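Asks: Okay, here's the structure, questions in a sec.
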Amino acid sequence: MKAWQHLRTILHHKNLVRKGCFKAGLYRQGMMHDWSKYSPVEFLTGCRYYQGTKSPNNAERMDKGYSAAWLHHKGRNKHHWEYWIDYSAESGFLTGIRMPVNYVVEMFIDRVSASKNYQKEKYTQESPLQYYERGKEHYMLHDDTRELLEKLLHMLAEEGEERVYEYIRTEVLSKRNSRKKDNGNDK
């Protein structure tokens, strides 16, 4: 029964992310989002620790002291800020690397979709920002990445989904596409 419930949760989440990515114009990312969740290490952990109200990775972490599923997932999915941690060439310390804006947008959509998936009818447009605010001091984000993510989360909370997706399409991603064309990378 837990396997079926976990699969339904994954499918619902992926569907929400796909719809959000399509609204933003990120069609490939919308289709490819979180495919690693079907790998044995992630899927079987999800089935074993399924709760329905939060990530099973947290339960695995509580049980084992770490989450093998999360270590696998974050290392394969560029929309997670943890993927973008490396040693700084200047300081030699771990630091957040600037994420490409298309992955910041997918990270935003992933947060919105996870909030909708787990909170269900309790979800509000402020929910993703509230979740982010509870843990942001622990996030090792590049300043530019943090600025864009926070701008999108605040815009969602204050102006709603339609406005934030319009902004993503017309300002965030259109500037990225313009820079690609200016650099001869429009292929």
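The values are calculated or read from the model by the stated rules, or taken from the named source; none is laboratory data. Note that the structure is a prediction, hence the values are computed from the model and not measured. Note that each Cβ is placed from the backbone with ideal geometry, even for glycine, and that neighbours are counted across all protein chains shown. Note: areas computed on protein heavy atoms with side chains; ligands, DNA, RNA excluded. Shrake-Rupley method; radii C 1.70, N 1.55, O 1.52, S 1.80 Å.
Asks: To the nearest 10 degrees, how steeply does helix 143-159 sit against the main Cα axis of the chain, on a 0 to 90 scale?
Replies: Relative to the chain, helix 143-159 is tipped by roughly 80 degrees.
Asks: Based on the alpha-carbon gyration tensor of the range 122-162, what equivalent-ellipsoid semi-axes (square roots of 5 times the eigenvalues) come out, in whole Å, largest first?
Replies: 19, 13, 5
Asks: Continuing with this model, one more query. Rounded, prolate or oblate: which fits the range 68-187 when a ≥ b ≥ c are the square roots of the eigenvalues of the alpha-carbon gyration tensor, with rounded for a/c under 1.5 and prolate only if a/b beats b/c?
Replies: oblate
Asks: Here's something else I'd like to know. Dipole magnitude of the chain about its Cα centre, charges +1 at Lys/Arg Cβ and -1 at Asp/Glu Cβ only, in debye to the nearest 20?
Replies: 800 debye
Asks: Go ahead and estimate [θ] at 222 nm for the chain from helices alone: -39,500 (n - 2.57) per DSSP H run with n ≥ 4, summed, over the residue count, rounded to 500. Walk me through the numbers on the way to the answer.
Replies: Values: 10 runs with 116 residues, N = 187.
The helix contribution divided over the chain gives -19000 deg cm²/dmol.
Asks: Kindly provide log₁₀ I(q)/I(0) values, in the same order as q = 0.09, 0.11, 0.13 Å⁻¹, from the Debye equation applied to equal alpha-carbon scatterers of the range 1-139.
Replies: Evaluating at q = 0.09, 0.11, 0.13 Å⁻¹ gives log10 I(q)/I(0) of -0.28, -0.43, -0.60.
Asks: How much length is gained on full extension from Leu44 to Thr170, taking 0.36 nm per residue of separation minus their Cα-Cα distance?
Replies: Length gained between Leu44 and Thr170: 41.3 nm.
Asks: Something else: Give the separation of the Cα centroids, the range 89-111 to the range 126-177, in Å.
Replies: 13 Å
Asks: I'd like the orientation of helix 2-24 relative to the chain: the angle between its Cα long axis and the longest Cα principal axis, in ° from 0 to 90, rounded to 10.
Replies: The two axes meet at around 10 degrees.
Asks: Counting only protein chains, not ligands or nucleic acids, how are Phe93, Phe43, Phe22 ordered by accessible area (probe 1.4 Å), most first?
Replies: Phe93, Phe22, Phe43
Asks: Right, another one. Return an integer: the convex hull volume of the alpha-carbon atoms of the range 62-116, in Å³ per residue.
Replies: Hull volume over Cα atoms, normalised by residue count, gives 108 Å³.
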